[in-house]
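What follows is a short report on a single structure.
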Amino acid sequence: MHAPLLDAEIYDQIRETARRFAEDVVKPVAADLDRDETYPAEIYARMGELGLFGITVPEEHGGAGLDAFAYAIVMEELSRGYSSVADQCGVVELIGTLLTRYGTPEQLKRLPDILAARTRIAYCLTEAEAGSDLSNVRTTARETADGYVIDGGKLWIHNAPVADLGFVLASTDPAAGHRGMSIFLVDLNAPGVSRGPKEHKMGQRASQVGALNFDGVTVPREALLGPKGRGFHIMMSVLEKGRVGIASLAVGIAQAGLEAALAYARDRRQFGKPILDNQGLQWMLADMAKDIAAARALTERAALLIDHAKPATSASSMAKCFASDMAVAQTANAVQIFGGSGYIRGFEVERLYRDAKITQIYEGTNQIQRTIIAKELIKAAS
Ligand SMILES: Cc1cc2nc3c(=O)[nH]c(=O)nc-3n(C[C@H](O)[C@H](O)[C@H](O)COP(=O)(O)OP(=O)(O)OC[C@H]3O[C@@H](n4cnc5c(N)ncnc54)[C@H](O)[C@@H]3O)c2cc1C
């Protein structure tokens, strides 16, 4: 395994900062945010001040200038507090990475406001007919003398109900399929943009998710991110980091479940003794700890491959797939350890179980992750 690039103290410091913030600021309000489906603007502003957005974005662009290993640490720690907050960190990280890699000097000027949470962003790929199969995107960007006109609709976009700025994948050459796609920075308050209602979700309910429609939306030529026709490639180029982020987020949810279950099993007494004294429950807790450790190790491995500029496609898919399946299975065990209480709103493990489910679906479903792993296996064997 590759070694981390930075001194151990730097990782310890960033873990401590994210952990303190998650414990002191995020966790105490997680149940309320979940119940009320509130966008926690104040929490995001404070994260901006603390430097918890843009972990891998270079310092000259206002980021923390760290690496994917550090990003994984921050995502896990924030998610232990509340995964919706970690998810926001993940979206900002992806957009920050895209802008850093492909942004023009003018576009890069948007980054400080994005990292400070003053500009709210949305990463707009999914459509009604383009979920797992993003090569089927139907939103078009027709070139004009001054720029482009965008028509189409996006679904289930994180932050859509509140975002100011969309990074929109659209077809600039429908005949060329995925080779004819481009990404545009779109002002979401511009004429022709409309929003669907906020979706009411099973979990991660503080994350605002909804639809965006583009009806003849004009954008200038300078709105194009990276080369025309390379949008699909650009979008794919950040997926490995994105999958490391979701794997870490899943580990954080499971870790919170383990901690809650362990504390409850110590306190709860049945048959005249703590339920923790039963070997059956001890083994459930041992399995939780073991599987969390395995998921964390896979995630760290993928992060280190990214940091060492080594192929990380298979490793990041393995981490995302394993960690999210693990989080769903082990938060179910946490609910089981709580007995009936675990099924009641207001108990943390009930929320964690709901929050875990989406990690198997977004950032590429786990069926798609397995397809990627299999493709890489077959490629290596041929
Ligand atoms: C809470 C939430 C937040 C989201 N945030 C964003 C966002 O910010 N931006 C964005 O662009 N999108 C976002 N999405 C969309 C998300 O990425 C998609 O839902 C996801 O990629 C799956 O697409 P789909 O829902 O259309 O499912 P489908 O692609 O229709 O898949 C349905 C089922 O079929 C399986 N399947 C499909 N194709 C195959 C295949 N080839 N082999 C085996 N199985 C297959 C899938 O694994 C799944 O089980 C979000 C979704 C949710 C629910």
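Protection proxy ranking of 319-330, 96-107, 231-242, by the mean of other Cβ atoms within 10 Å over each peptide's residues and highest first, is 319-330, 231-242, 96-107.
Shown for the chain: the carbon plus sulfur share of the solvent-accessible area, taken with all protein chains present and a 1.4 angstrom probe, equals 54%.
Within segment 152-180, list the residues whose amide N lies under 19 Å from a label point set 7 Å along Cα→Cβ of residue 129. Correct set: 152-156, 169-180.
With every protein chain kept in place and ligands, DNA and RNA left out, what is the accessible area per residue of the chain? Probe 1.4 Å, answer in Å².
Values: 16580 Å² over 382 residues.
Counting only protein heavy atoms, the per-residue value for the chain is 43 Å².
Between residue 279 and residue 46, the simple label model (points 7 Å from Cα in the Cβ direction) yields a spacing of 4.6 nm. Look at the dipole of the chain built from charges on Cβ: of 217, 242, 369, the Cα furthest out on the positive end belongs to 369.
Multiplying the sequence separation of residue 60 and residue 2 by 0.36 nm and subtracting their Cα-Cα distance, what value in nm do you get? Length gained between residue 60 and residue 2: 18.2 nm.
For segment 235-381, pairs of C-alpha atoms spaced more than 24 angstrom apart make up 37 percent of the total.
Can you tell me the FRET efficiency between residue 269 and residue 290 if r is taken as the Cβ-Cβ distance and R0 is 22 Å, rounded to the nearest 0.05?
So, using R0 = 22 Å, E works out to roughly 0.25.
Simple rule: put +1 on each Lys or Arg Cβ and -1 on each Asp or Glu Cβ in the chain, find the dipole, and look at 123, 41, 92; the Cα lying farthest toward the positive end is 123. A simple charge model with +1 on the Cβ of Lys and Arg, -1 on the Cβ of Asp and Glu and nothing else charged puts the dipole of the chain at about 800 debye relative to its Cα centre.
How charged is the neighbourhood of residue 48? Take every other residue with its Cβ under 11 Å from the Cβ of residue 48, and add Lys/Arg as +1 and Asp/Glu as -1.
Charge balance near residue 48 sits at -1.
I want to make sure I understand the PRE zone here: with the label point 7 angstrom from the Cα of residue 361 toward its beta carbon, which residues in segment 179-214 have backbone N atoms less than 19 Å away? Counting only backbone N, you get 196-212.
Computed packing ranks the peptides 20-33, 3-16, 245-258 as 245-258, 20-33, 3-16, most packed first, by mean other Cβ atoms within 10 Å. Size check on the chain: the Cα extents along the three principal axes, sorted descending, read 80, 49, 39 Å. Count charges around residue 108 for me, please; just the other residues with Cβ under 14 Å from its Cβ, Lys/Arg as +1, Asp/Glu as -1. Taking every Cβ under 14 Å from that of residue 108, the sum is -2.
Considering only 203, 294, 272, the residue lying farthest towards the positive end of the dipole of the chain is 272, judged by Cα position with unit charges set on Cβ. What is the helix-to-structure angle for 279-307, meaning the angle in degrees between its Cα long axis and the longest Cα principal axis of the chain, kept from 0 to 90 and rounded to the nearest 10? So the inclination is approximately 30 degrees.
Quick one: grab the alpha carbon gyration tensor of segment 8-115, order the square roots of its eigenvalues as a ≥ b ≥ c, and give me rounded if a/c is under 1.5, else prolate or oblate depending on whether a/b is larger than b/c. Numbers along the way, then the final one.
Values: a/c = 2.31, a/b = 1.40, b/c = 1.65.
Oblate, since a/c reaches 1.5 and b/c is not below a/b.
Distance between the 7 Å Cα→Cβ label points at residue 175 and residue 222: 3.2 nm.
Each label was represented as a point 7 Å from its Cα along the Cα-to-Cβ direction; for residue 144 and residue 329 these points are 5.4 nm apart.
Going 7 Å from the Cα of residue 190 along its beta-carbon direction, which residues of segment 198-225 have the amide nitrogen within less than 17 Å of the resulting point? The answer is 212-225. Taken along its three principal axes, the alpha carbon spread of segment 121-227 comes to 43, 28, 22 Å, from the longest extent down to the shortest. Put the Cα centre of segment 68-121 next to the Cα centre of segment 188-223 and the gap is 19 Å. Can you give me the C-alpha center-to-center distance between segment 226-284 and segment 308-355, rounded to a whole angstrom? Going from one Cα centre to the other spans 4 Å.
The values are calculated or read from the model by the stated rules, or taken from the named source; none is laboratory data. Model, not experiment: these values are computed from the prediction. Cβ coordinates were reconstructed from backbone atoms using ideal geometry, including for glycine residues, and neighbour counts include every protein chain displayed. What goes into the accessible areas is simple: the full protein's heavy atoms, side chains included, and nothing from ligands, DNA or RNA. Shrake-Rupley method; radii C 1.70, N 1.55, O 1.52, S 1.80 Å.
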